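Enquirer: Have a look at this one.
The values are calculated or read from the model by the stated rules, or taken from the named source; none is laboratory data. Since this is a predicted model, take the numbers as computed values, not measurements. Please note: Cβ atoms are built from the backbone with ideal geometry, for glycine as well, and neighbour counts cover all protein chains shown.
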Amino acid sequence: MTYQGAITPTEQRTPYSGLVAKAQKLIESKGGTWDGISAEGVARMQLQNRFQSGLDIARYTAAIMRADMAAYDADAANYTQSLGCWHGFIGQQKMISIKKHFGTTKGRYLYLSGWMVAALRSEFGPLPDQSMHEKTSVPALIEELYTFLRQADARELGLMFRDLDAARAAGDAAKEKALAEKIDNYQTHVVPIIADIDAGFGNAEATYLLAKKMIEAGACALQIENQVSDEKQCGHQDGKVTVPHDDFLAKVRACRYAFLELGIEDGIIVTRTDSLGAGLTKQIAFSSQPGDIGDQYNSFLDCEELAPGDFKNGDVVINRGGKLMRPKRLPSNLFQFRSGTGEDRCVLDCITSLQNGADLLWIETEKPHIEQIAGMVDRIREVIPNAKLVYNNSPSFNWTINFRQQVYDAWKAAGKDVSAYDRAGLMSVEYDATELAAEADERIRTFQRDASKRAGIFHHLITLPTYHTAALSTDNLAKEYFGEQGMLGYVLNVQRQEIRQGIACVKHQNMSGSDIGDDHKEYFAGEAALKAGGKDNTMNQFG
C-alpha cells in the first residue's frame with residue numbers, strides 16, 4: 001500500500017484515523033497472514049514519510065514559492081528569507097528552530113550555496129568559488145538536506161504519537177482528540193530550497209543534466225549566473241567574465257526543459273547577473289542586425305575607432321554604427337567593457353532574462369545599498385512591472401562600516417555636525433555606543449523590510465551564515481575548554497544553554513533517531529523488542 005501524502009500546499013490529506021482504517025482493511029484482507037502488522041504502526045510510518053521522492057518535494061515546494069511570489073506581488077511586506085546550508089543537519093536545525101520560535105515555516109526557505117559546497121564539501125578539500133568542485137556534490141547536498149528535514153518530521157511526529165499513546169493510557173479522551181487534530185494539521189519541516197547551479201558547469205547540455213539531478217533531489221528553484229563556466233569567480237571577487245545573452249539564455253532554457261521533462265511545471269529559475277562587477281567578456285556576441293541583443297551587448301565594449309591602415313596582426317574588428325571599431329583585447333584574450341557601464345548591463349541582463357523564461361532576478365552588488373539596487377529595479381520595472389529579486393545579504397559585505405558610512409554621508413548631506421567621527425575609521429569599537437552607530441544598526445535591522453518595499457526584493461538570503469557561526473562558536477569553545485575553564489567551558493556555554501533554551505539537540509540520541517528506531521523495533525518484534533530508550537538511557541537525565 002502506497003500512502004500518497006499531500007504534495008501541494010492546498011491538497012487535502014487523509015486524516016490519521018482514515019489511514020489507520022485503510023491499513024486495517026488491507027491487513028484483514030490477507031486472511032490472517034498479516035495479523036502481526038499494526039495498522040496504527042503503518043499509518044504512523046506513512047505520516048512520517050509523507051514525501052516519497054525528490055520530485056514530490058520539488059512539486060510541493062514549487063507551489064509554495066509560487067504562492068509566496070503572488071503574495072509578495074500583492075504586498076511587499078510578504079517578503080521571504082533563507083539561510084545558507086552546507087550540511088543536512090544545519091538545514092534541519094534551522095527549520096526546527098524556526099518552528100520552535102515562530103510556530104510556522106511560512107516564508108522561510110533554505111539556500112544552497114555553491115561557495116559553501118566548494119569550500120566545505122569537495123573531495124579536493126577547501127576550494128575557492130570557481131566551480132572546481134564536483135558538480136554531483138550539489139544534488140547530493142540537496143538530497144541530504146531533505147533527508148534531514150524529513151527525519152525532523154519523523155522525530156516530531158513520533159513524539160506526538162507517544163503523547164497520543166500516553167493520553168489513551170490515562171483515559172484522557174479530550175487530550176487524545178486534541179493530539180489527533182494536531183497530527184492531522186501537522187506542518188512539515190520540508191521547505192523550498194533555492195539551489196546554486198553556478199554558471200551551469202559547462203555548456204547548455206551539461207547544465208541540463210545537472211539541473212535534472214538537482215530537481216530529482218528535490219530542488220524547486222535553480223539559481224544560475226551569467227559568468228563563463230571555466231572562468232567563474234565568486235560574485236564578490238575581481239576577475240569576473242560574463243557571456244553574451246544568447247549563450248546564457250540557452251542555459252536558462254536548459255533548466256526549464258529539465259523542470260518540464262520531470263513534470264515540475266511550477267519550477268522557478270533565478271537568473272543572476274554579475275555584470276555590475278564584471279568588466280570583461282570572453283567573446284564578442286553574434287549580431288545579425290543593428291539593435292538586436294548581440295549588438296546591444298557589443299555596444300558596451302571598450303573600443304577605439306580604426307582608420308585605414310591601423311590594423312594589426314590578429315586584430316578583431318566590429319562594425320559599430322557604420323564605423324570600424326577595435327575592441328580592447330587583453331593578453332588573456334578577454335575583451336574589456338567600458339568603465340561605468342555595469343548598471344546599464346545589469347538592467348539589460350535582467351530585462352532580457354525575464355523576457356526569456358526567468359522567474360526571479362539576482363543582482364550581485366558590491367555593497368548593501370537600497371537606493372543602488374532600487375535604481376536598477378526601477379528601470380527594469382518600466383518594462384516588466386512585477387520584476388522581483390532574490391538578494392544576497394552577503395557576509396562578504398562589512399555591514400557595520402557600510403551602514404555607518406551611509407549614515408555619516410546622510411548626516412553630512414543634511415548639514416548635521418559629523419566632526420566627532422572619522423569616516424574611514426567608523427569600524428572602530430570606540431564608535432559602538434554612539435548615536436551614529438545606533439542609527440546604522442537600526443538601518444541594518446530594517447534593511448530587509450525596507451529593501452523589499454523600495455527595491456523589489458522578494459527573497460533575502462545570507463549565503464554563508466553557518467560557515468561563520470561554526471567558526472565563531474568553535475573558536476569560543478576551544479578558547480574556554482583548552483584554557484582555564486576546562487570542562488566548565490563546555491557545560492556553561494553549551495550544554496547548560498541548550499537546557500535553558502530548550503534546544504532539542506541536548507537529547508542528541510533522540511535527535512539522531514534513537515526513539516524512531518525503538519518505535520520500529522516494537523512494530524517489528526512486539527514484546528521481544530530490545531529498545532535503547534529504557535531507564536538506563538542517560539538521555540533521561542535531561543527530563
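Enquirer: Between a first residue in region 319-332 that is touching a residue at least 40 places away in the same chain (Cβ under 8 Å) and farther than 13 Å from Phe300 by Cα and a second residue that is surrounded by 11 or more Cβ atoms within 10 Å (Cβ to Cβ) and of a type in the set (S, T, N, Q), which pairs have beta carbons less than 9 Å apart while being 6 or more apart in sequence or on different chains?
Expert: As it stands, the answer is Leu330/Gln336, since those pairs meet every condition given.
Enquirer: Can you name the condition, by its number, that Ser288 falls short on among (1) without any contact (Cβ under 8 Å) to a residue 12 or more places away in the chain; (2) under 23 Å from Trp115 (Cβ atoms)?
Expert: Going through (1) without any contact (Cβ under 8 Å) to a residue 12 or more places away in the chain; (2) under 23 Å from Trp115 (Cβ atoms) one by one, Ser288 breaks only (2).
Enquirer: Tally time: how many residues in region 67-85 are surrounded by fewer than 17 Cβ atoms within 10 Å (Cβ to Cβ), in a helix (DSSP H, G or I) and not hydrophobic (A, V, I, L, M, F, W, C)?
Expert: Residues that pass the stated criteria total 1.
Enquirer: Related question: Please go through region 322-342 and pick out each residue that is under 16 Å from Ala285 (Cα atoms) and assigned to a loop (DSSP other than H, G, I, E, B).
Expert: Within region 322-342, Lys328, Asn333, Leu334, Arg338 meet the criteria.
Enquirer: Surrounded by 15 or more Cβ atoms within 10 Å (Cβ to Cβ) and either part of a loop (DSSP other than H, G, I, E, B) or on the phi > 0 side of the Ramachandran plot (or both): does that describe Pro368?
Expert: Numbers: surrounded by 15 or more Cβ atoms within 10 Å (Cβ to Cβ): yes; either part of a loop (DSSP other than H, G, I, E, B) or on the phi > 0 side of the Ramachandran plot (or both): yes.
Answer is yes for this residue.
Enquirer: List the residue pairs whose Cβ atoms are under 7 Å apart, where the first residue sits in region 450-477 and is free of Cβ contacts under 8 Å to residues at least 24 places away in the same chain and closer than 15 Å to Val390 by Cα, the second is β-branched (Val, Ile, Thr) and not in a helix (DSSP H, G or I), and the two are 6 or more positions apart or on different chains.
Expert: none
Enquirer: Among (1) aromatic (Phe, Trp, Tyr); (2) buried (at least 23 other Cβ atoms within 10 Å of the Cβ); (3) assigned to a loop (DSSP other than H, G, I, E, B), where does Phe51 come up short?
Expert: In the conditions (1) aromatic (Phe, Trp, Tyr); (2) buried (at least 23 other Cβ atoms within 10 Å of the Cβ); (3) assigned to a loop (DSSP other than H, G, I, E, B), Phe51 misses (2) alone.
Enquirer: For Tyr490, only one of the following conditions fails: (1) within 19 Å of His101 (Cβ to Cβ); (2) touching a residue at least 12 places away in the same chain (Cβ under 8 Å); (3) assigned to a helix (DSSP H, G or I). What is its number?
Expert: Checking Tyr490 against (1) within 19 Å of His101 (Cβ to Cβ); (2) touching a residue at least 12 places away in the same chain (Cβ under 8 Å); (3) assigned to a helix (DSSP H, G or I), the one that fails is (1).
Enquirer: Where in region 423-485 are there helices (runs of 4 or more DSSP H), lying wholly inside it, with at least 1 residues that are within 25 Å of Asp196 (Cα to Cα)? Outline the logic, then answer.
Expert: Values: elements: 435-445, 447-455, 465-481.
Because the criterion is at least 1 residues that are within 25 Å of Asp196 (Cα to Cα), the helices (runs of 4 or more DSSP H) in region 423-485 that meet it are 447-455, 465-481.
Enquirer: Every residue in region 11-36 that is free of Cβ contacts under 8 Å to residues at least 60 places away in the same chain, on the phi < 0 side of the Ramachandran plot and in a loop (DSSP other than H, G, I, E, B), please.
Expert: If we filter region 11-36 for residues that are free of Cβ contacts under 8 Å to residues at least 60 places away in the same chain, which is where we start, we get 11-12, 14, 18-35.
Applying the additional criterion that residues be on the phi < 0 side of the Ramachandran plot yields 11-12, 14, 18-30, 33-35.
Glu11, Gln12, Thr14, Ser29, Lys30, Thr33, Trp34, Asp35 - these are the residues of region 11-36 that are free of Cβ contacts under 8 Å to residues at least 60 places away in the same chain, on the phi < 0 side of the Ramachandran plot and in a loop (DSSP other than H, G, I, E, B).
Residue-wise test of (1) at pLDDT 90 or above; (2) in contact with a helix residue (DSSP H, G or I) (Cβ under 9 Å, 6 or more places away or on another chain); (3) among the charged types (D, E, K, R).
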| residue | (1), (2), (3) |
| --- | --- |
| Gly314 | no, no, no |
| Arg320 | no, yes, yes |
| Pro327 | yes, yes, no |
| Thr341 | yes, no, no |
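Enquirer: Restricting to region 122-144, and then to whatever is touching a helix residue (DSSP H, G or I) at 6+ places or on another chain (Cβ under 7 Å), in a loop (DSSP other than H, G, I, E, B) and of a type in the set (Gly, Ala, Ser), can you tell me which residue is nearest to Phe51 (Cα to Cα)?
Expert: Result: Ser122.
Enquirer: Counting only residues that are acidic (Asp, Glu) and touching a residue at least 24 places away in the same chain (Cβ under 8 Å), which one in region 176-229 is surrounded by the most Cβ atoms within 10 Å (Cβ to Cβ)?
Expert: Quick first cut of region 176-229, residues acidic (Asp, Glu) only: 176, 181, 184, 196, 198, 205, 216, 225.
Then drop every residue that is not touching a residue at least 24 places away in the same chain (Cβ under 8 Å), which leaves 184, 196, 198, 205, 216, 225.
On the way: Asp184: 15, Asp196: 26, Asp198: 24, Glu205: 12, Glu216: 19, Glu225: 28.
The residue in question is Glu225.
Enquirer: Being part of a loop (DSSP other than H, G, I, E, B) and either polar (S, T, N, Q) or touching a strand residue (DSSP E or B) at 6+ places or on another chain (Cβ under 9 Å) (or both) is the filter here, so list the residues in region 384-422 that pass it. If you could, list the steps in order and put the result at the bottom.
Expert: We begin by selecting, within region 384-422, every residue part of a loop (DSSP other than H, G, I, E, B); these are 384-388, 393-398, 414-422.
Answer for region 384-422, where residues must be part of a loop (DSSP other than H, G, I, E, B) and either polar (S, T, N, Q) or touching a strand residue (DSSP E or B) at 6+ places or on another chain (Cβ under 9 Å) (or both): Asn386, Ala387, Lys388, Asn393, Ser394, Pro395, Ser396, Asn398, Ser419.
Enquirer: Select from region 493-542 the residues that are assigned to a loop (DSSP other than H, G, I, E, B) and within 35 Å of the chain's Cα centre (by Cα) and list them in ascending order. Quick ask: steps written out before the conclusion?
Expert: Quick first cut of region 493-542, residues assigned to a loop (DSSP other than H, G, I, E, B) only: 502-503, 507, 512-513, 529-537.
Correct list: Gly502, Ile503, Lys507, Ser512, Gly513.
Enquirer: Only one residue in Asp292, Asp266 is at pLDDT 90 or above, charged (D, E, K, R) and farther than 22 Å from Leu389 by Cα, so which one is that? Spell out the reasoning first.
Expert: On the way: Asp266 fails: farther than 22 Å from Leu389 by Cα.
Going through Asp292, Asp266 in turn, just one is at pLDDT 90 or above, charged (D, E, K, R) and farther than 22 Å from Leu389 by Cα: Asp292.
Enquirer: Within region 124-151, which residues are surrounded by fewer than 16 Cβ atoms within 10 Å (Cβ to Cβ) and among the aromatic types (Phe, Trp, Tyr)?
Expert: Passing the criteria: only Phe124.
Enquirer: A further question follows. Which of (1) part of a helix (DSSP H, G or I); (2) more than 12 Å from Thr281 (Cα to Cα) does Tyr297 not meet, given it meets every other one?
Expert: (2)
Enquirer: Also, quick follow-up: Scan region 159-171 and report the pairs whose first residue is of a type in the set (Lys, Arg) and whose second residue is modelled with pLDDT of 95 or more, with Cβ atoms within less than 6 Å and a gap of 6+ or a chain change.
Expert: Correct list of pairs: Arg168/Glu176.
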